[in-house]
Number of protein chains: 2
Amino acid sequence: MSALVLLTPDAPDGRIADPEAPQLLVTDLGVVRGDGIFETLLAVGGRPLQLEAHLDRLASSAEALDLTLPDGAHWRAAIETGLAEFARRHGDGEAMIRLVGTRGVDAAGPPTCWVYLQPVPAGNRELRDRGLDVVLLDRGYSSEAASVAPWLLLGSKTTSYAVNMAALRYAHRQGADDAVFVSSDGRVLEGPTSTVLIARTRDGVRELVTPLLRSGILAGTTQGALFATAEPAGWQLGYGPLTPEDLIGNDGVWLASSVRLLAPIRSVDGRQIPVSAELTDELTELLLTATRR
Amino acid sequence: MSALVLLTPDAPDGRIADPEAPQLLVTDLGVVRGDGIFETLLAVGGRPLQLEAHLDRLASSAEALDLTLPDGAHWRAAIETGLAEFARRHGDGEAMIRLVGTRGVDAAGPPTCWVYLQPVPAGNRELRDRGLDVVLLDRGYSSEAASVAPWLLLGSKTTSYAVNMAALRYAHRQGADDAVFVSSDGRVLEGPTSTVLIARTRDGVRELVTPLLRSGILAGTTQGALFATAEPAGWQLGYGPLTPEDLIGNDGVWLASSVRLLAPIRSVDGRQIPVSAELTDELTELLLTATRR
């Protein structure tokens, strides 16, 4: 039900492997130390969306981790091989593609790299229609930490996601669907697997605002794609700082991510906030225009 | 050169597997999300040291991650099997044992668990003799974060160790051997893979002091073992808070860990501090008394 392409020193453009068979050693540093990076992207009609933005972010995460990964051409070739294999098995349906690169078994040796493709998980988009209940969770870091402490890897998409997963479990136990991280100095940061996006109107001008990148969040590829088409469509663009109050008192808030796309938030810590299906549709249309380019 | 025992639903007490062959799926959540926990311990003469303390900490990490792992009896059986296999290959030398439990492929399914044994890596103990140069690195978290934000998993030994590894790389690039994390409010926390331990004399009484556990650090099994024998030997025991100044102005500072045991620090951010081979020997002897029990 899925497809796997391994990028190895012998097959730098990737070779098809069995995703149902074990492929990784128990000594891989990606496994025992979470010492790796990843990207998740969506492919529609056999075409990966925002591929270059994802490859750029993969390269930037690799640099932050001093990880030497195959260059973009190899990843592109492996993704193409994977998409062809996926299409043979599933037809032309949407695919969720995961790119992973770990430090491998030996820090001095080759990294372990693969492209994994699977159908988009069911239920992933239901919440997109009904709106998300979210809780605000303290991320523990100040919004200044990223700029003074590069070893914290803030802004890198590492496979060390245990805290992100724990935050989601905590949110679910509170009856919420998702979480939004807040810095120790009270800035809205990001979701565990998404970027925060706010729509507001100032002096009659419609604005899309996302938190400051330098506050230690991931550069959102979906948010980036949306911004690129929203501006020529008349939206003013803004970059935080945002506080929790900004989530409450504006025209709408969304969590943006590569597979779920734009999911509106309908409540924050139990407090209802405006949800506009029209705005979600309008922004999603702009986003899809961007991603189809 | 190593041994591997997998704990599976079919073989809850473990079955020997090939450590040189792939054993893990690329979809394991331990791999792609760092969603797992681990322990590392030393075995001497076929006997794992501080086994119960490590199993207790494994259980406590599992609880923090809502991870249902095999109980201690299964781990003990698997470790025994692994040690016998290791001895067949290596004789009765020291072994480094790693216990790992991940969330597995499906959060609703069984975890992925294994025991891996290898010879103690060469060079691991050289630094123990000459003393460590360390740099202080901001951990980004306040020493209060652990008590208010359980989703940060502070105090749990997860496989999401990318920050710990990045901190070590950063330290090495500065020409240092290791790092000591400091909280955003200026408390000494721990090393990326070790516990901080200070010896000092107050009013003629010798004290061993380690940072406060509730500041969000791992409970050190080595420090715990040492404390248990140091007290009857006349040492007074103390628990932080400690500041960077405490690293400078006392009788000695060590990084304690399960395999390297007690490694003295000889400089902090380039500033030399007292190193007493006699104290290291005395404390190591106390530690070994404890671990041999």
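Rule-based calculations on the coordinates, nothing more; no lab input. Keep in mind the model is a prediction, meaning the values are calculated, not measured. Using ideal geometry, Cβ is built from the backbone for each residue, glycine included, and neighbour counts are taken over all protein chains shown.
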Just counting partner chain Cβ atoms within 10 Å, what average do the residues of peptide B:139-145 show around their Cβ? 6
Where nothing but the Cβ of Lys and Arg (+1) and of Asp and Glu (-1) is charged, how large is the charge dipole of the range A:2-145 around its Cα centre, in debye to the nearest 20? 320 debye
At 24 angstrom or more along the helix axis (alpha-carbon based) and mean Kyte-Doolittle of -1.0 or higher, what helices does chain A contain? Whole DSSP H runs only. A:72-90
Cα-based Kirkwood hydrodynamic radius, the range B:138-230, one decimal, Å: 14.4 Å
D (µm²/s, integer) via Stokes-Einstein for the protein assembly as shown, Kirkwood Rh across alpha-carbon pairs, 10 °C, 1.306 mPa s: value 63 µm²/s
Sort B:193, A:243 so that the residue with the fewest other Cβ atoms within 10 Å of its own Cβ comes first and the one with the most comes last. A:243, B:193
Rotationally averaged projected area of the range B:250-293 (alpha carbon convex hull; nm²): 3.3 nm²
Taking the alpha-carbon centre of each part, the distance from the range B:161-203 to the range B:243-293 in Å is 13 Å
If you put a point 7 Å past Cα along the Cβ direction, how far is that point for residue A:269 from the same point in each other copy, in nm, smallest first? 3.5
Among A:32, B:24, A:111, the residue whose Cα sits farthest towards the positive end of the charge dipole of the protein assembly as shown (+1 at Cβ of Lys and Arg, -1 at Cβ of Asp and Glu, taken about the Cα centre) is B:24
Based on the Cα coordinates of the range B:3-119, what is the per residue volume of their convex hull in Å³? 90 Å³
Please report the antiparallel percentage of the DSSP beta bridges confined to the range A:126-292, to the nearest 5. 60 percent
Can you tell me the dipole magnitude for chain B around its Cα centre, using point charges on the Cβ only (Lys, Arg +1; Asp, Glu -1), in Debye to the nearest 20? 260 debye
Residue order, fewest to most surrounding Cβ atoms within 10 angstrom, among A:63, A:80: A:63, A:80
Output, in nm with one decimal and in ascending order, the distances from the residue A:148 label point to the matching label points of the other copies (7 Å from Cα along Cα-to-Cβ). 1.8
The protein assembly as shown, dipole about Cα centre (Lys/Arg Cβ +1, Asp/Glu Cβ -1), debye to the nearest 20: 100 debye
Chain lengthening between residue A:219 and residue A:172 when straightened (0.36 nm per residue, less Cα-Cα): 14.4 nm
Listed residues B:287, B:140, B:220: farthest to the positive end of the dipole of the range B:126-291 (Cβ charges): B:140
Once the label point is set 7 Å along the Cα-to-beta-carbon vector, what list of distances in nm do you get between residue A:289 and its counterparts in the other copies? 7.8
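What translational D, rounded to a whole number of µm²/s, comes out for the range B:148-293 from Stokes-Einstein when the hydrodynamic radius is the Kirkwood one over Cα pairs, at 25 °C and 0.890 mPa s?
Rounded, D is 156 µm²/s.
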Where does each of A:54, B:90 land when they are ranked from fewest to most other beta-carbon atoms within 10 angstrom? B:90, A:54
Kindly provide the helix-only [θ] at 222 nm of chain B, computed as the sum of -39,500 (n - 2.57) over DSSP H runs of four or more divided by all residues, to the nearest 500 deg cm²/dmol? -8500 deg cm²/dmol
Put +1 on the Cβ of each Lys and Arg and -1 on the Cβ of each Asp and Glu in the protein assembly as shown; which of A:51, B:49, A:90 then has its Cα farthest toward the positive end of the dipole? A:90
Any chance you could list the semi-axes, whole Å, largest first, of the equivalent ellipsoid that the Cα gyration tensor gives for chain A, using √(5λ)? 32, 22, 17
Which of the trypsin sites (Lys or Arg not before Pro) across the range A:1-92 are loop residues per DSSP, with 13 or fewer other Cβ within 10 Å? none
